[in-house]
Amino acid sequence: MDWLKKGNAAMYLVLAVVFGALVLIFPVLALVFLCMMVAWWAGGKVLYTPAIVFVTAISLGLTAGYGMKCVQQVPRFDMSSGEWVKSDVQALSIRSWFSAKELSNPGNRAGRTGVLLGSLGGLGVAVAFKRRGKKRLHGPGIVQGRPVVKGGWGDEKEAAKICEFGPPKPGKYGGGVVLGKLNGRILRVIIGRMAIAAHTAIFGATGAGKTFGWVLPNIVSTAHDGWSMVISDPKGELVAGKWNASGEYEPGIADWLKKQGYEIIILNFKDPSQGSHRWNPLFEAKDDAEFRQVCEAMILSAGKENPFFAGGESNLFTALMGLTRYGSFLKDEMRHMRTVLSLLSWPVEKLDETFEKEYRSGQIPVYFYEKWRAAAGMFNNFATGVQSKVAVMTDGPLAALTAGHDINLLALSKKKTALFCILPTIGDLKPLLTAFYYLLFKRLVEYAEANNNRLPIPVRFILDEFANIGRIPNFSNRISFDRGLGICYNYIIQNRTQLNSLYGSDVAETFLGNTDIRMALRVNDDKTAGYFTRQLGSADVWDISERKDVTWPWKRMEITKKTESKKKLDLLYPWQFYEMEFYTAVVRVPTCRPFYLDTVAFSDLKEFKELSREPKTITDFAPAVPNHVPTPAIPSAEEEDEAPTPPKRQRKRKESHPDPAPDVASVLELNKGDDDIMRMFG
């Protein structure tokens with residue numbers, strides 16, 4: 001980047017020399033160019049504003065010059081001769097209007113004056129035209145198109161209490177949460193200022209511009225803060241870019257982050273064969289408690305469940321995970337999630353025999369054996385439920401991703417790291433994603449608590465399509481308590497219904513209440529629109545009402561009477577959220593009135609121009625994952641026939657005549673470890 005900066009400096013130096021020479025030779029032309037540049041900058045960097053200046057200057061100059069020439073050509077009456085005579089009119093020299101030499105021709109002098117006045121007048125017209133074009137029904141000092149008396153939308157003075165102005169940049173207070181543009185100035189909330197953790201909830205329907213107008217600018221801002229980041233990438237375009245419909249390559253952000261000194265980690269849940277690191281939850285979970293929590297999180301990830309079946313499925317899945325990790329009959333390369341699901345196809349008698357053998361030999365902890373005993377009685381019912389919820393992990397590519405383990409989650413807190421989770425557009429990965437994010441949160445929190453309650457390298461989560469991740473256990477607690485640990489959560493969701501379905505309305509309301517920044521880009525449902533209408537509140541405005549008496553025909557000729565009065569209006573009505581312009585947003589920030597903003601287009605930031613246009617692929621950042629996943633052999637039917645005879649309570653359903661009650665001692669012989677039962681029977 002140094003050579004690029006030197007090249008820019010040289011270019012600016014050449015431009016400065018050229019402009020200096022232009023000032024000496026053609027000062028009026030230099031003034032025209034200067035007014036054009038000011039109009040371009042003040043008018044929002046659009047091309048028509050300098051065009052207005054140029055056209056106005058030339059038009060007024062030509063009008064003044066040729067107007068003066070026409071005046072000179074009018075015959076005048078000569079008193080001495082008593083005749084009308086024509087004056088000698090010098091030809092106009094438009095080139096001389098822009099030079100530094102003194103002009104003797106009145107027409108040229110008028111032309112030069114016209115150019116000067118036209119440049120300054122054009123500048124004023126361009127800025128006024130731009131401001132008029134930006135006038136809306138909503139903004140600082142105006143609500144529903146009416147002047148504000150009290151309250152209303154926040155202005156720049158309001159924003160200055162908590163925000164920094166300008167695009168993200170390196171250095172102190174150079175990053176933060178990028179909100180949008182207020183009167184053309186970018187607002188950024190600095191994380192930690194005034195004890196604000198800056199957890200952010202972004203609501204936006206599909207096509208609202210969340211990625212280009214919020215995610216990418218905030219990735220850049222996070223990099224300037226020097227924080228690590230975890231980014232969910234629903235389309236896989238943030239990492240390596242994409243080819244658009246016109247056949248042009250649009251670069252991703254991972255290569256730029258790598259040049260800023262970031263380590264890039266990819267978890268490609270969409271297609272690991274295109275490139276991905278690997279993560280095995282069996283080796284990530286450290287102890288029995290984490291095994292239990294991970295299993296429960298995976299089973300309950302979809303949201304509402306029947307408690308009985310959810311509990312049974314959790315018991316069965318936990319037991320099989322324990323058997324997979326600790327079972328002596330498995331090779332190390334078989335200890336992965338695909339084996340867990342493969343065990344579901346084993347005959348229940350063979351599984352029961354295996355659990356009994358592994359537990360009696362001390363291979364698996366009693367916790368997993370107890371889970372098996374609790375679930376074995378209704379194995380078929382619970383097995384179907386487990387398979388239906390986590391069958392996605394039996395697919396070849398995803399099974400390969402979870403068959404190895406080469407990610408250290410704590411690397412995020414020890415050095416600058418960007419972890420991208422590429423999500424597929426088809427399929428439900430909630431079980432796997434829930435387990436991953438739960439353990440990631442847990443690792444970071446534990447590490448922070450062991451290091452004076454602060455991560456050495458803070459971590460920011462930018463979680464697009466948050467509802468597709470599933471129900472993360474204790475997420476409401478994370479939002480509440482992690483604000484001082486150096487962890488910032490930004491989650492993007494389409495509507496309130498998704499949150500309520502996953503977490504329940506009460507829990508969703510709790511962690512929304514602990515989310516400092518709430519933002520709506522454009523929403524398409526009544527529940528979310530109504531929520532933000534209540535959050536934005538109302539304002540007192542001057543309202544003009546008109547009255548006209550039309551009782552009699554001649555009364556229609558009277559002038560309409562207007563009455564101005566104060567009135568309380570909502571800042572936005574629910575139906576107006578459907579009509580919000582593209583690339584606009586409303587934001588609620590602590591200690592400030594609400595803001596009505598334009599989103600920040602990533603292309604407006606200088607970092608967009610620094611992106612390499614050389615096409616990249618995901619394999620440039622992570623190796624391709626092979627599809628080969630070894631699993632244990634499924635026992636044959638002959639082995640199933642040799643299984644022990646099931647207990648009597650299971651045979652009664654099949655036999656028309658019950659067998660005589662067995663001898664108590666013979667029954668207990670099958671369960672030699674049941675000492676308590678032996679004592680009961682003497």
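The values are calculated or read from the model by the stated rules, or taken from the named source; none is laboratory data. Just so you know, these numbers come straight off a predicted model, no measurement behind them. Quick reminder, even Gly has a Cβ in these numbers, built from the backbone with ideal geometry, and neighbours come from all protein chains shown.
Conditions (1) at pLDDT below 90; (2) assigned to a loop (DSSP other than H, G, I, E, B); (3) assigned by TED's automatic domain parsing to the domain that holds residue 597; (4) touching a helix residue (DSSP H, G or I) at 6+ places or on another chain (Cβ under 6 Å), marked per residue:
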position	(1), (2), (3), (4)
122	yes, no, no, yes
127	yes, no, no, yes
147	yes, no, no, no
150	no, no, no, no
168	no, yes, yes, yes
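Here is a list: 403, 383, 418. Which entry is surrounded by 15 or more Cβ atoms within 10 Å (Cβ to Cβ), at pLDDT 85 or above and assigned to a helix (DSSP H, G or I)? Can you show your working first?
On the way: 403 fails: assigned to a helix (DSSP H, G or I); 418 fails: assigned to a helix (DSSP H, G or I).
Answer to the selection: 383.
What are the residues in the stretch 221-230 that are part of a helix (DSSP H, G or I), in contact with a strand residue (DSSP E or B) (Cβ under 9 Å, 6 or more places away or on another chain) and not polar (S, T, N, Q), if any? Outline the logic, then answer.
Looking only at the stretch 221-230, we keep the residues that are part of a helix (DSSP H, G or I), and these are 221-225.
Those left that are additionally in contact with a strand residue (DSSP E or B) (Cβ under 9 Å, 6 or more places away or on another chain): 221-223, 225.
Of everything in the stretch 221-230, those that are part of a helix (DSSP H, G or I), in contact with a strand residue (DSSP E or B) (Cβ under 9 Å, 6 or more places away or on another chain) and not polar (S, T, N, Q) turn out to be 223, 225.
Are there any pairs with C-beta distances below 9 angstrom linking a residue in the stretch 609-625 that is of a type in the set (Asp, Glu) to a residue that is not in a helix (DSSP H, G or I), with the two at least 6 apart or on different chains, and if so which?
Taking only residues 6 or more apart or on different chains, the pairs are 610/1; 614/249; 614/251; 620/275.
Can you tell me how many residues within the stretch 602-615 are of a type in the set (A, V, I, L, M, F, W, C) and assigned to a loop (DSSP other than H, G, I, E, B)?
Matching residues across the stretch 602-615 total 2.
Kindly indicate the residue of the stretch 489-515 that is touching a His at 6+ places or on another chain (Cβ under 9 Å) and surrounded by fewer than 22 Cβ atoms within 10 Å (Cβ to Cβ) and also modelled with the lowest pLDDT among those meeting that condition.
Across the stretch 489-515, the extreme among qualifying residues is 511.
Residue-by-condition table, conditions (1) within 18 Å of residue 457 (Cβ to Cβ); (2) within 12 Å of the chain's Cα centre (by Cα); (3) assigned to a helix (DSSP H, G or I):
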site	(1), (2), (3)
213	no, yes, yes
216	no, yes, yes
219	yes, yes, yes
232	no, yes, no
235	no, no, no
245	no, no, no
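Of all the residues that make up the stretch 162-202, how many are surrounded by fewer than 20 Cβ atoms within 10 Å (Cβ to Cβ) and of a type in the set (Gly, Ala, Ser)?
6
Return the only residue of 49, 63, 56 being farther than 20 Å from residue 97 by Cα, among the polar types (S, T, N, Q) and at pLDDT 75 or above.
Residue meeting the stated conditions: 49.
Report yes if residue 625 is buried (at least 17 other Cβ atoms within 10 Å of the Cβ), farther than 27 Å from residue 217 by Cβ and β-branched (Val, Ile, Thr), otherwise no.
In short, yes.
Name the residues in the stretch 256-278 that are aliphatic (A, V, I, L, M) and in a strand (DSSP E or B), would you?
Scanning the stretch 256-278 gives 264, 265, 266, 267.
Scan the strands (runs of 3 or more DSSP E) fully inside the stretch 535-601 and keep the ones with 2 or more residues being within 25 Å of the chain's Cα centre (by Cα) and touching a residue at least 40 places away in the same chain (Cβ under 8 Å).
Working: elements: 538-547, 561-570, 584-588, 595-598.
So the answer is 584-588, 595-598.
Anything in the stretch 472-488 that is outside any helix (DSSP H, G or I) and at pLDDT 85 or above? List them, or say none.
Of everything in the stretch 472-488, those that are outside any helix (DSSP H, G or I) and at pLDDT 85 or above turn out to be 472, 485, 486, 487, 488.
Would you check which residues across the stretch 423-476 are at positive phi and either more than 21 Å from the chain's Cα centre (by Cα) or charged (D, E, K, R) (or both) and list them?
452, 453, 465, 474
Would you point out the residue of the stretch 432-475, among those that are surrounded by fewer than 22 Cβ atoms within 10 Å (Cβ to Cβ) and of a type in the set (Val, Ile, Thr), that is farthest from residue 228 (Cα to Cα)?
Filtering first and then ranking leaves 445.
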